[in-house]
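The values are calculated or read from the model by the stated rules, or taken from the named source; none is laboratory data. Given the structure is predicted, the values throughout are model-derived calculations rather than measurements. Cβ sites come from the backbone with ideal geometry, for glycine too, and all protein chains shown count toward neighbours. For the accessible areas, the whole protein counts, side chains as well, though only heavy atoms, and no ligand, DNA or RNA atoms are used. Shrake-Rupley method; radii C 1.70, N 1.55, O 1.52, S 1.80 Å.
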Amino acid sequence: MRLFLLFLCCLGFSFALPFNQIDTQMTQRIDKTIQLLQNSENKVAVSSEIFKLFDEIFDYPLMAKLSLSKEFKKLNTKEKEEFIKIFEENLKKSFASKLRLYKDEKMLVLGGDLIKENRYNLKTSLIYDGKENYIIFKFHKLNNDWKIYDVDILGISVIQTYRNQFLDILTKSNFETLIQKLQNEITFDTKQK
């Protein structure tokens, strides 16, 4: 749970991130996130500040599209827009509700590998309960910018996890049910505060 929380601490979308600045920018933003969490009594209250740090780097529309896989193509334009918006809101609400679990873990950027001309995997190290764990941020090139489109936490893709959950719902029901479930989670998180 805490590993997922720290991934969410590194969330973000529309600022130019050149390839040669990925490691530096991620290091600065991760360090600032940890500093905000360590210096705040109300960890949920700092979530909006953390989103400001990372919203420029995450490609939420692509993440939403990938999470639905082939089902995304079946949606009309209005449904696609609605899903992207609700997907992002749900992801952020989930993050905010999990901030209370933060317990002074440290995260370091180790460096990355250019997998393809337009794909870069940035490896980070998280010390949790005295054990080193790895989180890999997957970037793709979008015009001249680089954006995060997925994150592997201990070898498990966040997008693949969402895809499995969403496709399970869609197999048993329909798009409206999926949207309702995501909205209910958002409403539920809001009522919790």
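Here are a few things to note about the model shown:
- FRET efficiency, 1/(1 + (r/R0)^6) with R0 25 Å, evaluated for residue 48 and residue 134 via beta carbons: 0.35
- Peptide ranges 171-178, 89-96 listed from the most packed, as the mean C-beta count within 10 angstrom indicates: 89-96, 171-178
- Between residue 113 and residue 167, the FRET efficiency from the beta-carbon distance, with R0 = 22 Å, is close to 0.15.
- Only Lys, Arg (+1) and Asp, Glu (-1) charged, at Cβ; segment 47-193 dipole about Cα centre in debye: 260
- Remark: segment 111-123, residue by residue, has Karplus-estimated 3J(HN,Hα) of x, x, 10, 7, 6, 9, 4, 10, 9, 9, 10, 9, 8 Hz, where x stands for each Gly or Pro and the curve is 6.51 cos²θ - 1.76 cosθ + 1.60 at θ = phi - 60°.
- Too-long pairs where the Cα-Cα distance tops 24 Å, listed order kept, from 32/138; 73/147; 73/123: 73/123
- Within the accessible surface of segment 57-128, defined with a 1.4 Å probe on protein heavy atoms only, the carbon and sulfur portion equals 50 percent.
- Cβ crowding within 10 Å averaged over residues, with 117-130, 146-159 ranked highest first: 146-159, 117-130
- Were the residues from residue 77 through residue 104 laid out at 0.36 nm apart, the gain over their Cα-Cα distance would be 5.4 nm.
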